[in-house]
Structures are given as C-alpha cells and as structure tokens.
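Everything below concerns the one structure shown next.
The values are calculated or read from the model by the stated rules, or taken from the named source; none is laboratory data. On a predicted model such as this, the values are computed, not experimentally measured, just so you know. Glycine also receives a Cβ, built like all others from the backbone with ideal geometry; neighbour counts cover every protein chain displayed. Calculation scope for accessible area: heavy atoms of the full protein, side chains included, ligands and nucleic acids excluded. Shrake-Rupley method; radii C 1.70, N 1.55, O 1.52, S 1.80 Å.
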Amino acid sequence: RPPEEEEEKAEVGWQEKLFSQFEVDLYQNESACQTPLDRQYWEEILKLEKAGGRKNCRIFTYTDHDRFTNLEEHCQKVTDSEHEVPSYLAERMANVRRRRQDCRPAEASSLKSKIITWEPSDEFIKNNHVINTPVQTMYIMGDLGPYGKLGRREYEHVLCTIKVDDNGVITVKPDFIGTKGAYQIEVDREKREVWKYTIENASVQMQPEEEEREQRVFRDLYGRYKEYLNGLVGSEFEMTLPGTLRLFVNGEIVSAQGYEYDNLYVHFFVELPNQWSSPAFQQLSGVTQTCATKALGWENVAYFSYPFTLEMFFAQGAESEESLPQWPVLYFEVLSLDFWQRYRVEGYGSLVLPASPGLHNLTISTWRPVELGTVAELRRFFIGGSPELEDITYVRTPSTFKGERLSRFGFRTETTGSITFRLYCLQQSKAFLETSVKRQRMQSVLDRLGGFSQQSSVYSVLEAFQRARRRMQEARESLPQGLISTSASTV
C-alpha cells in the first residue's frame, strides 16, 4: 500500500549520474550493453548492487553523454502543434551536436584576427546562421509512475535542465525556487495526481580568500580583453579643451509628406552662430536624391532616408559669459523636379539643433512664397519656377539683419507639407566630468552645459520674460505722460 505522502530529497552534482529503475533493469543484462558507455553503466550498477542498491528512488539524472540528451534536443518543437513542419534552421539546429569536445580552438583564434568576412559564401552564411556554441547538458528527471511500478518510460518527466556553454554561462530551467512556491506537475491516470518539487542551490559558499582570488583573476582577464579591444579600435580620440563643447549630430532626413508635386529633393545647410566652428573637412550643406512619392492614406509621402553627419565646436568667449549660447540652425528647402527638368520650390523651413543629447524625431512644417493672381500659378504649372528667397535665412531672422525690428508685412506665403528628421545628438565637454557634490555655484555658461535636459525650458522661460518685458515697455511708452506722472505721485 503506498504511503499517503511520498517525499524524496537528493543532492545532485554536475554531471553526476543517478540511475533510474528502468536503467537498472536494462543494464543488469550484459547482453544489452552495446557501447562502451553501456558497459561502464553495467559495471557501475553491479557495484551499486553489491553496496546495497541505489539510494535514490524517483529522482534520477541523464548526463551529457546519455542517449536521452541527443533525442531531447532533436525532438524539441517551437510550437505545440501536431502538424508543425520544421524549418531549415530548426533542422540544422536539431542536427548540430553542440558539445564541448566538438569545439576546435583554431576557429576561435581565427575569429579574433578576422572580424569581418567581406565576401561570405552561401555555405558560410548557412553555417554561421546556426548557433553552434559548444554546450554541456544535464537533465534532472523524476519517475512519477504508480507506487511499486517504477521504471516505465512514459512516466518520466524533466524536473530541471542545466546547461553550461563554452563561454561559462550556466542556464538552469526552471530556476532555483528562491521565495517562490513549489513547482507542480499534474499526472492523469486513474485518479489525478499532483506532484510538487523544489530546486535549491546546494553549492558550497566560497571562502573570502577564494572569492578575492577569483575577483583578481576576473580583473586581469577583463583588463587583457580591454587592451585587446583598444588594439582593435585604436586610441585616436581627441579630448576637448577646457571651456569647449563638441557637438556631434548623426542625422537622417527621413521623409517628406503633403507636397503638391512629385519627385522631391531637399537642399539643406547649417548656419553656425558666433563662438561656433567646424573642422575644415566638415561639410555643412548637402542635397538629397530625387525621390518619388507614394500614396499613404490621404497624403503622398517621399522616403529619403538620407544620412548626414555634423561636427561642431563651441568655444566660450569673454563677451558670452553672461548670455546663453546660440545653437546652430539647420535651414532647408524642398524642391520638385519633373520630366522636363523643370523645378519648383515646394517649401522652406528651419530647425534649431536640439540642445539635449539623445534621439530626437522632429517633423517641421514648411511654407513657400506666393504671388497674387492666376498668372503666377499658371507659370508655375506650365514652365516651372516660382518666387524664391534670395537669402534662405529669411526663414528665421536673417544673418545680415542688424536692426531691432524685422517686419514681414505684405509678404505672402502659403503653408505646404512637412519634413521629418531623425537626429542622434552627442555632446563632449570637460564640464561633464565634474562630479563633486559640494562644488560652488557655476560661474560660466559652459559650466551650465551639464544640465542640457533643462536647456530648452531655460530658453523658453527667458524668451517669454523678454517678450513680456518688451510689451510692458511698449505699453508704458504708449500711455500719456500726464497719466504716468499722476500715477507716480499717487503712489
């Protein structure tokens, strides 16, 4: 009669073999042993029988060399469908024997010297598409058969899978129990049975001396690997001077949408304010390819995916210590080109480069100048051409304007489409290296560059303050002098 609650506990080491009842019955017969591994198991089982039999009952293991390990890897499916047809990759992965003894050190050393294969063959691509990292596997099994009738293969269940790859990564599935509850396995027989089991890490804790020795070995290993990576990358990196900011922009003109004509292209350039400079080799302008549009919803969209790179330097001068630095501006114009090589201006726009580092997705609306009457539109349609800006910086405040007020009264424009930019901004400055908590109040504008996340809000607040101040001054100047003097005397 079976006990009401069966409980068994086993401590298993790595690749330690615990025989099941089925294996004991199988390998007791010497005629069933066909391989050297079978004969080894036969000898071990004879020794166990002489020593009083095996101590485990329901818990046993399959090591890396057992046939179960090969079959388990081959029979794994991606889904639980009975009609699943394995793909090419699944078949290759199933046939690969990922074992440590198959790893050839010559291949590992050749990978370091040849990082990129510029002309890979088809066979090379197929072979490298398969993950063939050498792995050692071990399964901890449970025999959940009826009491007194152990040894039936259909009642064997995998309790835990442990894998160690050639990189030293240990994978335990399912994980150690920790603070979670016990795992459950339901068995459907004459009556439904529920088996619960836990997995705990029984490894001996390292002594402080051994742990410190291991950390030294790791530091030495990581140091050598860092030197190896430095040898591959090189050390041609320039450090910025004190009081200097380096700005990198890896940009992309993604798309243009909402324009009247097809076959669009974009001409752009960057204007550098005072205290900004760029290397001699840096191109601050560019032209995209001509791109046809396609219908997407209600709009016609042209996808450029045009990349560009900008590198700029900001050097603070004595006259800019009390003012916030002006950021470079990217000006652009959108044009269309037809079959007869007639071009038309579709829109103008500008973009202030972001003051905060990171990824920025920006969509900028554009406009174009228009003339009154139908003659201008007929000329634009039949012979091309349209009113253009002589100075594209007129989109914002022109660089040549020196007055106090810029009037655009009477200048007629028309809203057109929009351009989408994707900008990756990087910033380098020695001001970012300041980590002291008790540092004094920042004395210069460049020292405040460490807080770029708040730069945009600072700009908006200052601009709003300047606008409100100008409005107050204009309102005061427009009031009669008698009213101002009366109010002052009353106060």
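Structural remarks
- Modelled this way, with points 7 Å down the Cα-to-C-beta line, the labels at Leu221 and Gln207 are 2.1 nm from one another.
- Whole-Å distance, taken between Cα centres, linking the stretch 263-301 and the stretch 152-190: 57
- Each Cα pair under 8 Å and six or more residues apart adds its sequence gap; the mean of these over the residue count of the stretch 140-186 is a relative contact order of 26 percent.
- For Ser278, the accessible area of its heavy atoms, probed at 1.4 Å with every protein chain present, is near 40 square angstrom.
- Count Lys and Arg as plus one, Asp and Glu as minus one, and take only other residues whose Cβ is under 13 Å from that of Ile392; the net charge is then -3.
- Prolate/oblate/rounded call for the stretch 244-377, Cα gyration tensor, a/c under 1.5 rounded: prolate
- The C-alpha radius of gyration of the stretch 147-279, expressed as a fraction of 2.2 N^0.38 Å, stands at 2.21.
- Here each label is just a point 7 Å from Cα along the line to Cβ, and for Glu371 and Ala468 those points are 4.6 nm apart.
- Compactness of the stretch 143-196, taken as the C-alpha radius of gyration over 2.2 N^0.38 Å, stands at 1.48.
- As a calculated quantity, the FRET efficiency between Glu214 and Ile177 at R0 = 25 Å, using C-beta atoms, amounts to about 0.45.
- Violating pairs (Cα-Cα greater than 31 angstrom) within the set Lys50/Lys191; Lys50/Lys173; Lys55/Lys173: Lys50/Lys191; Lys50/Lys173
- Shape of the stretch 2-47 from the C-alpha gyration tensor: oblate (a/c of 1.5 or more and a/b not above b/c, with a ≥ b ≥ c the square roots of its eigenvalues).
- Residues in the stretch 166-197 that a label on Glu82 would reach, taking backbone N under 20 Å of a point 7 Å out along Cα→Cβ: 188-189
- Fraction of the pair-distance distribution of the stretch 237-306 above 16 Å, Cα-Cα pairs, percent: 61
- Potential extension, Asn274-Arg67 segment - 0.36 nm per residue separation minus Cα distance: 67.0 nm
- Near the amide H of Phe304, within less than 5 Å, lie the amide hydrogens of Ser255, Ala256, all on another chain or at least 5 residues away, with H placed in the peptide plane.
- For the stretch 178-239, the Kirkwood hydrodynamic radius comes to 17.4 Å, computed from all pairs of different C-alpha atoms.
- In a DSSP loop and with at most 10 other Cβ atoms within 10 Å, the GluC sites (Glu not before Pro) in the stretch 144-237 are Glu190, Glu200, Glu236.
- For Gln15 and Glu260, the FRET efficiency from 1/(1 + (r/R0)^6), where r spans their Cβ atoms and R0 equals 56 Å, is about 0.15.
- The stretch 249-387: relative contact order in percent, alpha carbon pairs under 8 Å with at least 6 residues between: 26
- Estimated distance in nm for a label pair at Glu404 and Asp188, the labels positioned 7 Å out from Cα along Cα-to-Cβ: 9.0
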